[in-house]
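S.K.: Sharing a structure, written as structure tokens. Questions coming.
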Amino acid sequence: MMSRVLRSNGGFTYIGALVMAVIVGIMASRAAVVWSTAMKREREEELISRGTQIRNALRKWYKVKVVDGKLVSSQSPSNGPAVAPTAVAGPPEIKSLLQDPNTPAKLRYLRPYCLVDPITGKEWDEIRKDGKLIGVKSKSEQVPVKQGNFPFDLPPADFEKKKKYSEWEFVYDRIPPVTATGGAIQGLKTSGSPTPTSPQDTSGSDEGTSTRRSRFNRGNSTTP
């Protein structure tokens with residue numbers, strides 16, 4: 001009689017252990033999904049940050065800025081009407097934005113870490129028009145988590161409800177919609193009239209980028 005009780009208790013213990021193992025496995029898998037999604041969102045934010053900085057660097061190279069929903073020359077007089085942009089030869093490649101050889105002081109428009117796509121850990125896919133470099137996009141075919149609520153200075157048509165990261169295009173001559181009052185929507189992270197930085201000063205990039213970059217790089221070894 002006693003042996004039957006012991007065998008019965010042993011069976012219940014074994015079943016209980018199996019149930020606990022299943023529960024722990026389910027919880028671990030859910031935690032892994034949450035962690036993976038959080039990492040993916042952080043990479044998306046870094047992708048938007050770097051892509052926007054490259055777009056702004058291209059605007060500096062082409063000497064243009066956004067005023068009332070239009071591209072005008074960044075060399076327009078401050079106390080006069082906006083002047084239409086002049087024709088400027090595009091940079092040969094993205095790396096040229098690190099230091100403009102066409103300027104006397106060889107102005108720097110971009111920091112080196114921006115040359116790496118944080119989603120793929122590799123170089124960006126260049127967007128060209130008539131052979132002229134006008135923007136960049138990721139080469140990743142992954143489906144973005146973010147589908148809306150992008151920064152105000154990114155045109156919704158280029159980012160919202162896209163099926164893959166390679167459809168997010170950061171192009172210097174794309175401008176945000178015009179508000180009801182006639183002014184262009186200006187983003188909080190970028191400037192409508194960027195100014196070049198000197199070789200000794202590269203602080204013209206978005207405020208807070210260095211903090212976000214250091215957090216991103218803790219689990220990412222691909223950034224130079």
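S.K.: Of 197, 209, which residue is modelled with pLDDT under 50, surrounded by 12 or more Cβ atoms within 10 Å (Cβ to Cβ), within 17 Å of the chain's Cα centre (by Cα) and under 30 Å from residue 105 (Cβ atoms)?
M.R.: Of 197, 209, the one residue that is modelled with pLDDT under 50, surrounded by 12 or more Cβ atoms within 10 Å (Cβ to Cβ), within 17 Å of the chain's Cα centre (by Cα) and under 30 Å from residue 105 (Cβ atoms) is 209.
S.K.: Quick test of your reading of the structure: residue 147 fulfils all but one of (1) of a type outside the set (Gly, Ala, Ser); (2) more than 20 Å from residue 176 (Cα to Cα); (3) touching a Lys or Arg at 6+ places or on another chain (Cβ under 9 Å). Name the failing condition by number.
M.R.: That leaves (2) as the condition not met.
S.K.: Consider residue 157 against the criteria (1) assigned to a loop (DSSP other than H, G, I, E, B); (2) surrounded by fewer than 19 Cβ atoms within 10 Å (Cβ to Cβ): it satisfies all of them except one. Which criterion is unmet?
M.R.: (1)
S.K.: While we're on this one: Please state which one of 139, 146 is farther than 17 Å from residue 54 by Cβ, at pLDDT 90 or above, charged (D, E, K, R) and under 21 Å from the mean Cα position of the chain (by Cα). If you could, list the steps in order and put the result at the bottom.
M.R.: On the way: 139 fails: farther than 17 Å from residue 54 by Cβ.
One residue alone meets the criteria, 146.
S.K.: Which of the residues that make up the range 68-121 are surrounded by 14 or more Cβ atoms within 10 Å (Cβ to Cβ), over 15 Å from residue 58 (Cβ atoms) and touching a strand residue (DSSP E or B) at 6+ places or on another chain (Cβ under 9 Å)?
M.R.: Residues satisfying the conditions are 68, 69, 70, 72, 76, 82, 116, 117.
S.K.: Given (1) modelled with pLDDT under 90; (2) under 22 Å from the mean Cα position of the chain (by Cα), identify the lone condition not met by residue 88.
M.R.: Going through (1) modelled with pLDDT under 90; (2) under 22 Å from the mean Cα position of the chain (by Cα) one by one, residue 88 breaks only (2).
The values are calculated or read from the model by the stated rules, or taken from the named source; none is laboratory data. On a predicted model such as this, the values are computed, not experimentally measured, just so you know. Cβ sites come from the backbone with ideal geometry, for glycine too, and all protein chains shown count toward neighbours.
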